[in-house]
Amino acid sequence: MIRSFLLFFFAKNPPCTYTQTKNYVDVYMKWKKDQYLDSIDHIHMSIQLKPIISLKNVIAQNPNGCVPISDVSKKGLHFDVKVKVARFLRQYPSIFEEFTGPQYNLPWFRLTQEAAEIDREERRLYENCKEDLIERLKKFILMSKQKVLPLKVIQGMLWYLGLPEDFMECLDMNLDGSLRVVEMEEGLKGLAVESNERFLSVLQRNAMKKGVYSNEPMEAIEFPHFPSKGVRLRRKIEVWLKEFQKVPYMSPYEDYSHLDPNSDIAEKRVAGFLHELLCLFVEHSAERRRLLCLKKYFGLPQKVHKAFERHPYMFYLSLRNKTCTAILKEAYCDKMAIERHPVLRIRNKYINLMKESEVILKRRRVNNPYVERPKLDLDLDCADEEERVELGRL
């Protein structure tokens, strides 16, 4: 029955009509705020959490389990901390505990008992879920043009993929037999997947579960749509989206080199790629600017960022934190459709400690509104200089 329908469908709509036509009219779509998606903590607190995790790792990996401020005070840019590192650490007393060091009265920092326990749980999770995390990395690489990506691109995506921060430093231990370090153009080193394993996208798997997709060539899959409250599209955009759903779906893991970049099927391939990419990420979201570096290696159009705007029923662009974050709506409007990332539970625990820190600081301000810290403690980035002076006196 399905096969007969497909033969009839392609007789009326041969594949070439989709690969050679572009029916979309580029018109302005007004942005509409979504209160629910703007209120999800693990998406919007991820920006602050990333440097916290980096500093936490420095402390946890130290043999003594603590570090003097002089070890990290000059590395604000490395940790992507916009304020002085000492001040940043003091903003999270539920994670970082400050104490006076053995020499020169310099402040030292260690993890609180709660943070240390979460850190141990995090390390156990990386061991137990290693296969799942490696599979996500493989899928990420397999969506690229040549099934190989520069190490620097993978390094920039480790946070989103949920891989440990030091993953690239221990590649020999972390990689399985299907991943190999190779030489690329321009003297770059890359990571390649050497496997005949074939993956289905999340959209394909969900459509097959519903019985509306049989994995035939040039078969259409309708994208799941979740309109935000109050969002109204212009009539011609609604018409285009309705027709767009009938366009054959091309998996992001398939070869797309034969496609006309100006065709509807190429547009659907880009939207499908972004959907699958965000499905692989921990929060199913990412800063839009962070994705721009992927254009060259994934065959994306120059204005790929416009795809998020052209499909407002699939993606939401949040403007919180003075940045633009692309969010996959399906992950939060149909929670059974996409598998939950194993690392998300750990990050939520750290976020709870961040919230607890806000309560502690507020309580301190209420109880001691006029108490100020000594001037020495406020400007701890000068700690190195003071240490040298003390050593000179000795």
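The values are calculated or read from the model by the stated rules, or taken from the named source; none is laboratory data. Small disclaimer: the values here were computed from a predicted structure and weren't measured. Positions of Cβ are generated from backbone atoms using ideal geometry, with glycine treated the same way; all protein chains shown enter the neighbour counts. The protein model used for the area step is the full one, side chains on, heavy atoms only, and it has no ligands, DNA or RNA in it. Shrake-Rupley method; radii C 1.70, N 1.55, O 1.52, S 1.80 Å.
Tallying residues that are under 11 Å from Ser228 (Cβ atoms) and in a loop (DSSP other than H, G, I, E, B) within region 315-336 yields 1. For residues that are of a type in the set (Lys, Arg), modelled with pLDDT under 95 and touching an Asp or Glu at 6+ places or on another chain (Cβ under 9 Å), tally how many sit in region 341-382. Adding up the residues that qualify gives 0. Counting only helices (runs of 4 or more DSSP H) that sit completely within region 38-101, those holding 1 or more residues that are free of Cβ contacts under 8 Å to residues at least 24 places away in the same chain correspond to 46-61, 85-90. In summary, Leu158 fulfils each of the numbered conditions (1) aliphatic (A, V, I, L, M); (2) in contact (Cβ under 8 Å) with a residue 40 or more places away in the chain; (3) open to solvent by less than 30 Å² (accessible area, probe 1.4 Å); (4) under 20 Å from Tyr297 (Cβ atoms) with the single exception of condition (2).
Using the structure shown, decide if Phe199 is open to solvent by less than 20 Å² (accessible area, probe 1.4 Å) and either within 30 Å of Val359 (Cβ to Cβ) or among the aromatic types (Phe, Trp, Tyr) (or both). Criteria not met by Phe199. Residues satisfying the criterion are present in region 383-390 (criterion: of a type in the set (A, V, I, L, M, F, W, C), within 30 Å of Arg120 (Cβ to Cβ), open to solvent by less than 30 Å² (accessible area, probe 1.4 Å) and at pLDDT below 85). Within region 270-303, being assigned to a loop (DSSP other than H, G, I, E, B) and either touching a strand residue (DSSP E or B) at 6+ places or on another chain (Cβ under 9 Å) or open to solvent by 10 Å² or more (accessible area, probe 1.4 Å) (or both) holds for Phe281, Glu283, His284, Gly299, Leu300, Pro301, Gln302, Lys303. Taking the conditions exactly as written (open to solvent by 40 Å² or more (accessible area, probe 1.4 Å), modelled with pLDDT of 90 or more and under 28 Å from the mean Cα position of the chain (by Cα)), does Glu267 satisfy them or not? Criteria not met by Glu267. When each of Lys355, Lys295 is tested for being basic (Lys, Arg) and over 25 Å from Leu137 (Cα atoms), the lone residue that passes is Lys355.
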